1. Got a number for carbon plus sulfur as a percent of the chain's accessible area, 1.4 Å probe?
2. For the chain, just say rounded, prolate or oblate: build the C-alpha gyration tensor, square-root its eigenvalues into a ≥ b ≥ c, call rounded for a/c under 1.5, and beyond that prolate if a/b exceeds b/c, oblate if not.
3. Considering the dipole of the chain built from charges on the beta carbon (Lys and Arg +1, Asp and Glu -1) around the Cα centre, which of Y327, G29, T102 is farthest to its positive end?
4. Let's see if you can work this out: charge +1 on each Lys and Arg Cβ, -1 on each Asp and Glu Cβ, no other charges. What is the dipole magnitude of the chain about its Cα centre, in debye to the nearest 20?
5. Which residue, P47, N282, L163, has the largest displacement toward the positive end of the dipole of the chain when charges sit on each Cβ (Lys, Arg +1; Asp, Glu -1)?
6. For the chain, return all DSSP H helices satisfying: extent of Cα atoms along own axis at least 15 Å; mean Kyte-Doolittle hydropathy at least 1.0.
7. For a quick protection proxy, order the peptides 51-61, 110-120 by their average other-Cβ count within 10 Å, most packed first.
8. Please state the charge dipole magnitude for region 69-293, taken about the Cα centre, from unit charges on C-beta atoms (+1 on K and R, -1 on D and E), reported in debye and rounded to the nearest 20.
Amino acid sequence: MIDYSRFISHVAKSIKASEIRELLALIRGRKDIISFAGGIPDPVLFPRKELAKIAGVVIEKYGDNALQYSETKGIIEVRETLSDFLARKREIHVDAEDIIVTSGSQSGLDIVSRTLIDPGDIVVTESPSYLAALGAFKMNGARLIGVKVDEHGMRTDLLEDRLKQLGDDVRRVKFIYVIPVGQNPAGTTMDKDRKKHLLEIASRYDLLVVEDDPYSYIIYEEGAEVASLKSMDKEGRVIYMSTVSKILAPGLRIGWIAAEKELIRRFEIVKQYVDLHSPTLNQFIVAEAIKTGVIDDVVSRAVPYYKAKRDTMLKAIQENFPEYVWYTKPIGGLFVFAYVHKPGFDAGALLEKAVKQYKVAYVPGGSFHPEGDGVNSMRINFSYPSHEQIREGIARLGRMIREA
Ligand SMILES: Cc1ncc(COP(=O)(O)O)c(C=O)c1O
């Protein structure tokens, strides 16, 4: 028998399997369990017919190019379309040369990390923050500092304190990573003052900001403050990234980064060795889906559809959770996050019981907290379960919390 562990790198040994993926694998296909653990779109929103038609046309008409290797940065058709899309949707004014197409935002996070982080460098994130981003930063050797969020997003007053406390080590901070709108996992949205303050701090300490923005296209409250940091950035400090995963289909694995040319060039060189380029065919499909209004159509169906589910969830929580649970009321995105303020409550330790006895699943919040706190928290997704499942599942979860 070969002892494979000798061959495994320190990095690979140091990372843990994602709790979410392990858990989802365990309960997949179990109809008796109501799962709030995923973070995936409801497939009823996938524009099957439109995508089938686009894919057919693209392959038949443009097959020579669409089925071929392509530019690392992304095909020009999609970058030009994205430049227009970002201006229209997010008031981000960048030309096609300031955009690089990635294989989903996850790959964007990896490329940004590889390009910016040296082992021992510091990345500041929200606490809680997106698990797979924390993983990408750590895999590249980053030390993480977590700054608490409240209902207005990252507490930038605490951010400033933490940076001050670092002393000379502040030079090791490379960037501040934020998900300003409909945050995953917290469901919070940053207000304008916080955004301004964040940019001021980044400027004062000479730091970059990575803005991860998959959710701002799906907003439930009219007039909500969702301006992107990138649209407010006068100094070229913000590296903006987004994806079609929540507004078209995650299986296409197409995302993008918009940033200053000099940074984009660096990302491009790194990407050459990561995956040569993102799938050409899918880039053609995405360009067509934007141009022909398919994405606009998905978004216009997704907003009321998810809003209704969010409302069902918030109502069910209000009716079923005890008063010592604090939870977010998201104006966008796919998640509610809850802290159970009951001594000794450990959402991770209770998960097995939740699944086996109460037949309900969630993601324990601890691993979203970069500095190890938050064991009393959980992420609850409302995009995938049906209204009936939301009502019944939240009642089960409420019972579990009371009886814990
Ligand atoms: C905040 C955040 N960033 C990045 C991603 C990854 O997106 P993609 O499917 O484009 O890789 C997700 C997916 O859920 C996310 O929530």
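1. Taking all protein chains in place, the chain shows 52 percent carbon and sulfur surface.
2. Note, shape of the chain comes out rounded.
3. About the Cα centre, the residue reaching furthest to the positive side is G29.
4. 1080
5. About the Cα centre, the residue reaching furthest to the positive side is P47.
6. none
7. 110-120, 51-61
8. For region 69-293, the charge dipole is close to 400 debye.
The values are calculated or read from the model by the stated rules, or taken from the named source; none is laboratory data. Everything quoted here is computed from the prediction, not taken from an experiment. FYI the Cβ positions are ideal-geometry reconstructions off the backbone, even for glycines, and counts take in every protein chain you see. Heavy atoms of the whole protein, side chains included, go into the accessibility calculation; ligands, DNA and RNA do not. Shrake-Rupley method; radii C 1.70, N 1.55, O 1.52, S 1.80 Å.
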